[in-house]
Amino acid sequence: MPERRFFADVGRYFDRAAAFVNYPPGLLAQVRHCNSIYRFDFPVRRRDGNIEVVRAWRAEHSHHKLPVKGGIRYSPLVDEDEVMALAALMTYKCAIVDVPYGGAKGAVCIDTRQHAEEEIERVTRRYAYELISKNFMGPAVDVPAPDLGTGAREMAWIADTYQAVRGDQIDALGCVTGKPLSQGGIAGRGEATGRGLFYVLREVCTDTEEMARRGLSTGLDGKRIAVQGLGKVGYWVAQLCYEAGARIVAIADISGTVTDPRGIAPDALREHVAATGGVAGFPGGAVHDSPAAALEADCDVLIPAAVESQLRADNASRVQARIVLEGANGPTTPEADAIFQAAGVLVIPDVYANAGGVIVSYFEWLKNLSHVRFGRLERRYQERADNRLLDVIESATGTTLSSDDRGRIVTPISELTVVNSGLEETMISAYHRIRETMRTVNGVDDLRTAAFHLAIDRVAEAYVQRGVFP
Ligand code: NAD
């Protein structure tokens, strides 16, 4: 694979949209630049007694709003350029979905498959301690979350480390999101990015104009979908689409690809991978060694949800999908993007499409700051109010509702229902803002440029409102 300058690629998308806004060059440069990067090396004792020096980063791309927010990635391939690019995407993403954060990203250069759990815990706690001591973490400063190679377990260690150092801060739990529910997390965070992608695709599939242009029928039902990545993002979007009636015709993880034109059950494949360590031997489909085979599968919708730079100049023209829904960050290079535009493929860009995680992280942070779970105050009040209303309707109409009908109407609020409805509302309204930008800004004719346009506008306005730029 040719070497990719990821931050420069994000800059190219930025510049494409910046051509359609009307701000002074200095202000645009401020929006585009990465504000601060902390790079550090630290020693970790391995189980065999040896010491390994580990390299790590935290990039804070934009301080136009505080705290800054972004995931932590554990990968042996990560470098500073990638961390800066991912931090920049976070700034634009938060602006697009109207979440009040600047963008950040963190990374540790380790291969988690080569480390025991206790070693990963030592790495995580040391990484968190470094960030805390340099003021690169805190509920009002910089709030990390999970990304590739990390999850609720790592976030719990980070929260615990923060509380050990700054336990007297009343909002200490808001120092990180994506925590387990029992440690200040929020219902629905684990599947949030996949669920957000599902809401986006479902909404896009109702768009008769966009579907007709791609020769597709409306609705998700029966759509043939290929997914690359079976992790936190890929699994959930695949499973939710499957449950909604779509046919998952290909799924890849790092060990290979399974294809089956009759459809694959994502939960069965995930169980198989958990039990055997890979996709090989999965019954009911053809197994290919290459994880890239999913990208070229015969399908209507392709969801790259693994790592960056998967769709490039050398393979983009072999993609058969008419819609590319970017679950991963940076899966499409600008060269591949141009090929898709020319071929009329609808690309729903990462900078918007995978924002579900940060949206629900925002809800988690609000929950941590308010020290109360969503739905607790109003649950019984709402239930009684609904029942009173039904009582009045029954006596006014002389009818009696069955307990089943009553149960369907009086549904007690749970944290999960509140979270999912907030996520759905945010994803769908942002889609319509992006579509509106595409329709109204002369010369903008793709969703990525429209999304970047919206982001630049919002970040630049925040600087103007702060009086930084007249
Ligand atoms: P994860 O670690 O949970 O899962 C990654 C999956 O990708 C695994 O199934 C792995 O086997 C597969 N994979 C890795 N390298 C691959 C390759 N070369 N080819 C095919 N498959 C490969 O990670 P995740 O959290 O699901 O993140 C996936 C992508 O989504 C990343 O780009 C991440 O930045 C992005 N993202 C994640 C979140 C989140 O909330 N987790 C939010 C926004 C964006």
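The values are calculated or read from the model by the stated rules, or taken from the named source; none is laboratory data. Keep in mind the model is a prediction, meaning the values are calculated, not measured. We place every Cβ from the backbone using ideal geometry, glycine too, and count neighbours over all the protein chains shown. Just so you know, the surface numbers come from the protein's heavy atoms only, side chains and all, with ligands and any DNA or RNA stripped out. Shrake-Rupley method; radii C 1.70, N 1.55, O 1.52, S 1.80 Å.
Structure notes:
- For the range 182-338, the pair-distance distribution built from all alpha carbon pairs, in bins 5 Å wide starting at 0, is 2, 10, 20, 23, 20, 15, 7, 3, 1, 0 percent.
- The 3J(HN,Hα) values that the Karplus relation (6.51, -1.76, 1.60; θ = phi - 60°) gives for the range 120-136 are, in residue order, 4, 5, 4, 4, 5, 5, 5, 4, 4, 4, 4, 5, 5, 5, 9, 6, 9 Hz. Gly and Pro appear as x.
- The three principal axes of the Cα atoms in the range 307-465 give end-to-end lengths of 67, 39, 33 Å, sorted in falling order.
- 1.4 Å probe accessible area per residue over the chain, in Å²: 42 Å²
- Of all accessible heavy-atom area on the chain, the percent that carbon and sulfur account for (1.4 Å): 51 percent
- Ranked by the mean number of other Cβ atoms within 10 Å of their residues, highest first, the peptides 228-235, 121-128 fall in the order 228-235, 121-128.
- Taking the range 139-285 and dividing mean pair separation by its residue count, relative contact order in percent (alpha carbons under 8 Å, at least six apart): 15 percent
- Judged by the gyration tensor of its Cα atoms, with axes a ≥ b ≥ c, the range 269-341 is prolate; a/c meets the 1.5 cut and a/b is the larger of a/b and b/c.
- Binned Cα-Cα distance frequencies in the chain - 20 Å width, integer %: 24, 55, 20, 1
- Working note: Karplus 6.51/-1.76/1.60 with θ = phi - 60° gives the range 337-350 the couplings 4, 5, 5, 5, 4, 5, 8, x, 7, 7, 9, 9, x, 3 Hz, where Gly and Pro are set to x.
- Burial order of peptide ranges 264-272, 344-352, 33-41, 177-185 (average beta-carbon count within 10 Å, highest first): 344-352, 177-185, 264-272, 33-41
- Relative contact order, percent, the chain [alpha-carbon distance under 8 Å, six or more residues apart]: 15 percent
- J(HN,Hα) series, the range 242-252, from Karplus relation 6.51 cos²θ - 1.76 cosθ + 1.60, nearest Hz, glycine and proline x: 4, 5, 8, x, 6, 9, 8, 8, 8, 9, 10
- Of the Cα atoms belonging to the range 36-183, the radius of gyration and Dmax stand at 14.5, 48 Å.
- Computed [θ] at 222 nm, helices only, for the chain once each DSSP H run of length n ≥ 4 contributes -39500 (n - 2.57): -14500 deg cm²/dmol
- Computed as a quarter of the hull surface, the mean projected area of the alpha carbon convex hull for the range 210-293 stands at 5.5 nm².
- Coarse-grained scattering of the range 131-253 at q = 0.13, 0.14 Å⁻¹, given as base-10 log I(q)/I(0) from a Debye sum over alpha-carbon atoms: -0.65, -0.70
- Relative contact order (%) - the range 36-183, alpha-carbon pairs under 8 angstrom, separation at least six: 24 percent
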